[in-house]
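Below you'll find the structure, written out as structure tokens, and then a few comments.
The values are calculated or read from the model by the stated rules, or taken from the named source; none is laboratory data. This structure is a prediction, so every number in the text was calculated from the model and none was measured. Because the Cβ atoms are built from the backbone with ideal geometry, glycine has one as well, and the counts that use them run over all protein chains shown. The area values use the complete protein model at the heavy-atom level, side chains included, leaving out ligands, DNA and RNA. Shrake-Rupley method; radii C 1.70, N 1.55, O 1.52, S 1.80 Å.
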Amino acid sequence: DVVETQEHYKSRWRSIWIMYLTMFLSSVGFSIVIMSVWPYLQKIDPTADASFLGWIIASYSIGQMVASPLFGLWSNYRPRREPLVISTAISVAANCLYAYVHVPHSHNKYYMLTARALVGFGAGNVAVVRSYIAGATSLTERTSAMANTSACQAVGFILGPVFQTCFTLIGEEGVTWKFLCLQLNMYTAPVLFGALLGVINIILIFAIFRERRVDDMGRQYKSINSDGEGSDVLDQNTEGSIDHVAVVALNILFFVILFVFAVFETIATPLTMDMYSWTRKEAVFYNGIILSAIGIESVIVFMVVKTLSKKTGERAILHAGLLIVLVGFFILLPWGKKLPNIQWQEIKNNSIPRTAPSEMLAPFWSLPELQLPSNHTAEPVGCPVTQSWCLNTPRIYLAQYISSDVLIGLGYPVCNVMSYTLYSKVLGPKPQGVYMGWLTASGSGARILGPVFVSQIYTHLGPRWAFSLICGVVVVSLLLLEIVYKRLIAFSVRYGRMQE
């Protein structure tokens with residue numbers, strides 16, 4: 001056995017920290033515009049509807065689903081620096097394209113679709129990040145490293161909406177630089193900032209990142225895809241077959257976890273605009289604050305789960321996380337009797353009060369809106385009469401919405417980190433690039449179907465149908481977890497090389 005040297009240890013963890021940064025920037029690239037996509041889309045292309053919004057959100061995941069297995073395969077046979085740099089450069093270029101989608105005179109929504117798909121393609125490097133961390137940590141380090149990785153991802157989701165909320169101060173008009181044909185406003189400034197962060201990431205990958213690997217017991221050995229870095233150790237622990245039933249089951253569970261969260265984050269803006277008569281600017285501002293709070297909650301959960309998993313195990317925590325998500329969506333079902341304010345198409349100004357006098361005495365949690373100091377114009381607000389369910393579906397009270405946010409913000413990070421941890425342990429010491437690529441692709445597939453599903457079901461049938469179906473999906477996933485529960489053990493434990 002070759003004991004890891006101190007130099008190898010320090011280099012290994014410096015590289016892992018660069019992977020944390022890459023994961024953070026990947027999530028920022030997604031979340032920094034998530035709250036403003038819908039109002040920006042309405043502004044640059046009035047022909048776009050809520051259904052097309054689903055495709056805009058999903059395009060990111062389509063790109064990531066295609067790229068993840070490719071980058072994962074690439075990372076198995078070549079230095080990981082190559083796919084990391086190329087993918088980040090693609091994301092930088094795509095963010096710059098997004099800043100110019102207002103320039104064409106027509107078909108602007110398709111340019112936005114292309115830009116988001118390319119950003120997602122660049123985010124396929126998540127598979128490379130996860131596979132590197134799995135191969136660069138021992139079994140005892142794995143849960144903590146995966147939790148840190150997911151925490152960095154969550155921090156990206158926190159700061160993305162925070163950046164977007166700060167950039168709303170620039171306003172919808174902002175500043176125009178004619179010589180660059182660029183409008184710097186609340187919609188374009190965030191993606192340009194994301195492009196700058198991507199450039200910094202590329203520089204750090206070249207300067208600091210090095211290939212380092214250890215086996216499940218922490219002994220160093222040469223990485224298959226490294227260029228001479230590390231020491232040769234006879235890897236006898238790769239003998240044995242992977243439990244593919246457990247692998248498939250975890251892919252399905254991960255799909256469900258990402259599916260329900262994609263539904264949640266996609267529906268936030270349209271739902272609050274419909275239920276609480278918020279304007280576009282209010283919806284971006286308030287949901288940005290709410291998602292930021294959820295992100296902070298998630299980071300705390302990631303820190304706690306590292307300690308908790310040592311006492312209860314990853315499987316039990318995954319089970320609890322799914323139950324919490326189920327309760328979160330159950331609470332979100334419309335239970336009251338009061339209908340949302342209706343947005344009549346012929347209303348062209350804001351001379352009609354948005355809050356009826358009788359509602360002035362209602363408790364704060366049932367108020368239909370929050371007031372944001374701004375100069376309101378002719379923007380119609382409320383639940384569009386074109387959505388027939390608005391006329392007979394009770395309003396989801398603000399207390400329901402916030403309670404659901406808190407529970408989903410608790411359950412999702414638990415499920416996310418436990419899925420990745422269990423998956424990497426089931427795969428064992430063999431190169432995980434392709435397998436991580438497939439797991440990322442399954443999550444991306446969920447992000448494709450989730451927004452499309454919720455935009456179609458929500459638009460045509462309303463929140464009652466949409467959230468009831470989500471509850472059913474989570475129940476099925478809990479049953480699947482019960483079936484494969486005993487198979488979700490580490491590769492080395494399965495073959496008796498280590499004790500659980």
Next on the checklist: Under the 0.36 nm per residue contour assumption, what length would be gained going from the current alpha-carbon distance of residue 66 and residue 461 to full extension?
Outcome noted: 139.1 nm
Checklist entry - Out of residues 5 or more away from residue 182 or on other chains, whose amide H comes under 5 Å of its own, with H placed 1.01 Å from N in the peptide plane? => result 177
Item to check | Long-range HN-HN contacts of residue 343 with modeled amide H, under 5 Å | outcome: 383, 385
Checklist entry - For the residue pair residue 138 and residue 192, what label-to-label distance in nm results when each label sits 7 Å from Cα along the Cα-to-beta-carbon direction? => result 4.9 nm
Checklist outcome for this item: Between the residues 70, 340, 305, the Cα farthest towards the positive end of the dipole of the chain, that dipole coming from +1 and -1 charges on the beta-carbon of Lys, Arg, Asp and Glu, is from 305
Item to check | Amide H within-cut-off set for residue 80, under 5 Å, with H built and near neighbours excluded | outcome: none
Item to check | Span-rule helices in the chain, defined as complete DSSP H runs reaching 27 Å or more along the axis (Cα) with Kyte mean at least 1.0 | outcome: 189-208, 244-276, 463-484
Checklist entry - With every protein chain left in place, what is the accessible area per residue of the chain in square angstrom, probe 1.4 Å? => result 40 Å²
Checklist outcome for this item: Residue separation between residue 204 and residue 304 times 0.36 nm, minus their alpha-carbon distance, gives in nm 33.1 nm
Checklist entry - Using only the Cα atoms of the chain, what do you get for the radius of gyration and for Dmax, in Å? => result 23.4, 79
Checklist outcome for this item: In the neighbourhood of residue 463 defined by beta carbon distances under 12 Å, the net charge of the other residues (Lys, Arg +1; Asp, Glu -1) is +1
Item to check | Rg/Rg_globular for the range 1-222, with Rg_globular taken as 2.2 N^0.38 Å and Rg from C-alpha atoms | outcome: 1.12
Checklist entry - Expressed in nm to one decimal, what extension gain is obtained for the pair residue 49 and residue 107 from 0.36 nm per residue of sequence separation less their Cα-Cα distance? => result 19.5 nm
Next on the checklist: If you take every residue apart from residue 68 with its C-beta less than 15 Å away from the C-beta of residue 68, what net charge results, scoring Lys and Arg +1 and Asp and Glu -1?
Outcome noted: +3
